[in-house]
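Mind having a look at this structure? Questions to follow.
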Amino acid sequence: MRMATWEHAGSVASGVVLGEGADAVVHPFPGGESGLDAVRLGLEGLLALGAAAAASAGTPLGDVRLLPPLQPPTVRDFVAFEEHVEGVVKSVNGSAGVVPEWYEAPTFYFTNPHCVIGSGADVAVPPGCVDLDFELEVAAVIGAEGTNLDPATAAGHVVGYTVLNDWSARDLQRREMRVSLGPAKGKDFATTLGPWLVTADELAGAVDAEGFLRLLMTVEVNGVEIGRDLLSNMGWPFGDLVAYASRGTWVRPGDVLGSGTCGNGGCLGELWGRNGRQDPPPLRPGDVVTMSVEGIGSISNRVVEGVPAPAVPPARPRPRDRA
């Protein structure tokens, strides 16, 4: 089942997408449930709600504006592709290889859930950014809460998957991470989720013997392919990511867990590190980034000019007075 959220005629609704291509139609949930309301029902409840929605009157998909499939309460973004780490580390500081700590546990950062946008939305260049980049990922969405989960069963807490673009201001990110904290403003402006959420049962046939999803991922800029990889090239399957995220805390319905950026051109930063120069160049206003994941769908966003923001002064020298 594909669950979507959309705007049409001034109203926002969530429901299911039926049909393909020009024949695709969206059908709202009969009780007016939001995407977050729906995933809180868990997989079985969401499928039942979707079946009820399919009986409602529909609207052609081409007549609506897609929004993120849900408004997540939290977004954890992992860095689970070794090839991506190799290239980006070289781009940031010129060093080669992956630090030993990467292999010990699946690292993630929290990004801003209030900056989540849908496919088709414009992405403004953030203030002060020159080196704008994309990051091709898949996100798992939690449908059942849990804490200290076992990796062997944690994948059962995933209700579905969606495509994620973790937009990145590389120059801001490089400065911030020299302080050994972050990323912060290097990521704090846009994250695309969409075009919809595909329920986990739809992708069960793509799960290999080790629990990885074998799905093709591609990204294009202005119609030219920049990168492609398999989601199964992750260092950990999603069940391990869910289990690690739940250690000492809770994962709850609606939480989003990003896979991290794939390798082989999943972002420009990786290629800059491998090529030793900014080739392909950073994104500029007018560029259109399109990402496609087998079995899930495609998202597309256009880069537009940003709005200048008031400058924040540098830190004052440390006062020498003592109490």
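Which of the residues that make up the range 167-195 are touching a residue at least 60 places away in the same chain (Cβ under 8 Å), assigned to a loop (DSSP other than H, G, I, E, B) and aliphatic (A, V, I, L, M)?
A190
Also, quick follow-up: Which condition number does V198 fail, the rest of (1) of a type outside the set (D, E, K, R); (2) within 17 Å of the chain's Cα centre (by Cα); (3) assigned to a loop (DSSP other than H, G, I, E, B) being met?
Every listed condition holds for V198 apart from (3).
Is there a residue in the range 42-49 that is at pLDDT 95 or above, open to solvent by less than 60 Å² (accessible area, probe 1.4 Å), within 16 Å of V141 (Cβ to Cβ) and in contact with a Gly (Cβ under 6 Å, 6 or more places away or on another chain)?
Yes, the range 42-49 contains a residue that is at pLDDT 95 or above, open to solvent by less than 60 Å² (accessible area, probe 1.4 Å), within 16 Å of V141 (Cβ to Cβ) and in contact with a Gly (Cβ under 6 Å, 6 or more places away or on another chain).
Consider R318 carefully, then state whether it is buried (at least 17 other Cβ atoms within 10 Å of the Cβ) and farther than 22 Å from A121 by Cβ.
No; evaluated as a whole, the condition is false for this residue.
A further question on this structure: Within the range 75-90, is even one residue among the basic types (K, R) and open to solvent by 40 Å² or more (accessible area, probe 1.4 Å)?
For the range 75-90, residues among the basic types (K, R) and open to solvent by 40 Å² or more (accessible area, probe 1.4 Å): present.
Restricting the search to the range 140-165, which residues are open to solvent by 10 Å² or more (accessible area, probe 1.4 Å) and farther than 21 Å from P69 by Cβ?
Of everything in the range 140-165, those that are open to solvent by 10 Å² or more (accessible area, probe 1.4 Å) and farther than 21 Å from P69 by Cβ turn out to be T147, N148, L149, D150, P151, A152, T153.
Which one is least open to solvent (accessible area, probe 1.4 Å), of the residues in the range 294-312 that are among the charged types (D, E, K, R) and assigned to a loop (DSSP other than H, G, I, E, B)?
Within the range 294-312, the match that is least open to solvent (accessible area, probe 1.4 Å) is E294.
Kindly check whether there is at least one residue in the range 195-213 that is closer than 28 Å to W250 by Cα, in contact with a Pro (Cβ under 7 Å, 6 or more places away or on another chain) and at pLDDT below 95.
Scanning the range 195-213 turns up no residue that is closer than 28 Å to W250 by Cα, in contact with a Pro (Cβ under 7 Å, 6 or more places away or on another chain) and at pLDDT below 95.
A quick yes/no check of all residues on (1) on the phi > 0 side of the Ramachandran plot; (2) touching a Gly at 6+ places or on another chain (Cβ under 6 Å):
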| residue | (1), (2) |
| --- | --- |
| F134 | no, no |
| V138 | no, no |
| D150 | no, no |
| S180 | yes, no |
| G194 | yes, yes |
| T199 | no, yes |
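Report, by residue number, each residue of the range 163-194 that is among the β-branched types (V, I, T) and modelled with pLDDT under 95.
Passing the criteria: only V179.
For the list (1) over 20 Å from V79 (Cα atoms); (2) buried (at least 24 other Cβ atoms within 10 Å of the Cβ), I need the number of the one condition that A124 fails.
(2)
Quickly run through the range 56-74 and pick out the residues that are modelled with pLDDT of 95 or more, open to solvent by 60 Å² or more (accessible area, probe 1.4 Å) and part of a loop (DSSP other than H, G, I, E, B).
Within the range 56-74, Q71, P73 qualify.
The values are calculated or read from the model by the stated rules, or taken from the named source; none is laboratory data. Computed from a predicted structure; not experimentally measured. Quick reminder, even Gly has a Cβ in these numbers, built from the backbone with ideal geometry, and neighbours come from all protein chains shown. Calculation scope for accessible area: heavy atoms of the full protein, side chains included, ligands and nucleic acids excluded. Shrake-Rupley method; radii C 1.70, N 1.55, O 1.52, S 1.80 Å.
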